[in-house]
Structures are given as structure tokens and as C-alpha cells.
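Here is the structure we will look at, set down as C-alpha cells.
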Amino acid sequence: MIFEKIAAIIADHTGSDIEQITESTTFEELGVDSLDTVEMVMKLEEELGVELEMDGKFDAVGDLVKFVETKLVHSERAAL
């Protein structure tokens, strides 16, 4: 679910074909810089309803997926 949301946002943001985006696809391959990543994370925050403070740089789509999943788990635990 998270990968699909991220892939859709990346495809929309970059004009890439969503079918070509995998977890091992690098942001460099997609022409995504750090500012683009921040904008995409902001979009994810809107869609997921959670704050995702970035605490590092992501090389591949899978890195961002893992980051978001970790943040969602922490957010869910904090809500309990």
C-alpha cells in the first residue's frame, strides 16, 4: 500500500511511467533531487494524515518506503 502511494506520487511528480518504478529504482534514475523528495514527502503527509519529519537522504524508492512505514508504525503506537 505505501509503495503504491509513493510510486503514484513519484510518477505524477516526475512524469514517469508508474510501471517502471520499483523499490530498487533510484531517485537519481528518476531525476529527483532533494527538493523534489521533500515535496513528495509533504504530499505523502497530506495523503496519509501523518507528519513525516525527514531525518536523512534517500537513494532509492525502497528507502523512502521503509522510512514512511517506520514513521507510520511510530505514529500508530503514539496514538494508542
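The values are calculated or read from the model by the stated rules, or taken from the named source; none is laboratory data. All figures in this text were calculated on a predicted structure; none of them were measured in a lab. Here the Cβ is made from the backbone with ideal geometry for all residues, glycine too, and neighbour counts use every protein chain on show. Heavy atoms of the whole protein, side chains included, go into the accessibility calculation; ligands, DNA and RNA do not. Shrake-Rupley method; radii C 1.70, N 1.55, O 1.52, S 1.80 Å.
Side notes on the structure shown:
- Within the range 23-80, considering residues that are within 14 Å of I9 (Cα to Cα) and of a type in the set (D, E), the one least open to solvent (accessible area, probe 1.4 Å): D36
- Taken over the range 3-22, the residue count meeting the criterion of being open to solvent by less than 30 Å² (accessible area, probe 1.4 Å) and closer than 23 Å to E53 by Cβ is 4.
- Wholly within the chain, helices (runs of 4 or more DSSP H) carrying at least 1 residues that are polar (S, T, N, Q) and at pLDDT 90 or above: 2-14
- Residues satisfying the stated conditions in the range 1-58, i.e. β-branched (V, I, T) and touching a residue at least 60 places away in the same chain (Cβ under 8 Å): I2, I6
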